[in-house]
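First up is the structure itself, then whatever we jot down about it.
The values are calculated or read from the model by the stated rules, or taken from the named source; none is laboratory data. Just so we're clear, the structure is a prediction, and the values are computed from it rather than from any experiment. Neighbour counts run over all protein chains shown; Cβ positions are idealised from the backbone, glycine included.
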Amino acid sequence: MHKGFLKWGAAFGMLSVILGAMAAHTLKSKVAATELEIFETGVKYQFFHVFALLAVGMLFPYFNRKFLKIAGYCFLGGIFLFSGSLYGLMMVKWQALNGFNWLGPVTPVGGLLFIVGWLFMLISFFQKPVDNL
């Protein structure tokens, strides 16, 4: 097992539930529907990739560790960039903040990291396990 990815998965899972509850109980009455939808998309993709991180952590001893490690880091980066930028975009729209135009282009980079993570996970299933990592 890779305890690091398991820990990150558990932490992000807990955070997903907290953020989802916050959206349902607090933000729903304070933000417009479009801002809430942006936020909920971030929570949804974060939660999906919690399971990817947990899978990487559990599968680590059985498949190619090098590629699984890359997949895990891609999933982590994707959560930070994709979900994190959506949380930021919601705040920018809600508070009508200026100077945060750079957040929009960050989101697809996070999405690309998710795709690359899944690709490396798939590749690891076709490779022999590597024991020296």
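Per-structure values
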{"quantity": "Failed item in (1) at pLDDT 95 or above; (2) under 23 Å from L103 (Cβ atoms), with A10 passing the rest", "calculated": "(2)"}
{"quantity": "Matching residues, segment 113-133, being over 16 Å from the mean Cα position of the chain (by Cα) and either surrounded by fewer than 16 Cβ atoms within 10 Å (Cβ to Cβ) or over 20 Å from C74 (Cβ atoms) (or both)", "calculated": "L122, F125, F126, Q127, K128, P129, V130, D131, N132, L133"}
{"quantity": "Residue list for segment 62-88, filter: hydrophobic (A, V, I, L, M, F, W, C), touching a Phe, Trp or Tyr at 6+ places or on another chain (Cβ under 8 Å) and under 23 Å from A33 (Cα atoms)", "calculated": "I79, F82, L86"}
{"quantity": "Failed condition for I123, given (1) in a helix (DSSP H, G or I); (2) within 19 Å of L6 (Cα to Cα); (3) among the hydrophobic types (A, V, I, L, M, F, W, C)", "calculated": "(2)"}
{"quantity": "Enumerated helices (runs of 4 or more DSSP H) restricted to segment 1-112, each holding at least 3 residues that are buried (at least 21 other Cβ atoms within 10 Å of the Cβ) and among the polar types (S, T, N, Q)", "calculated": "none"}
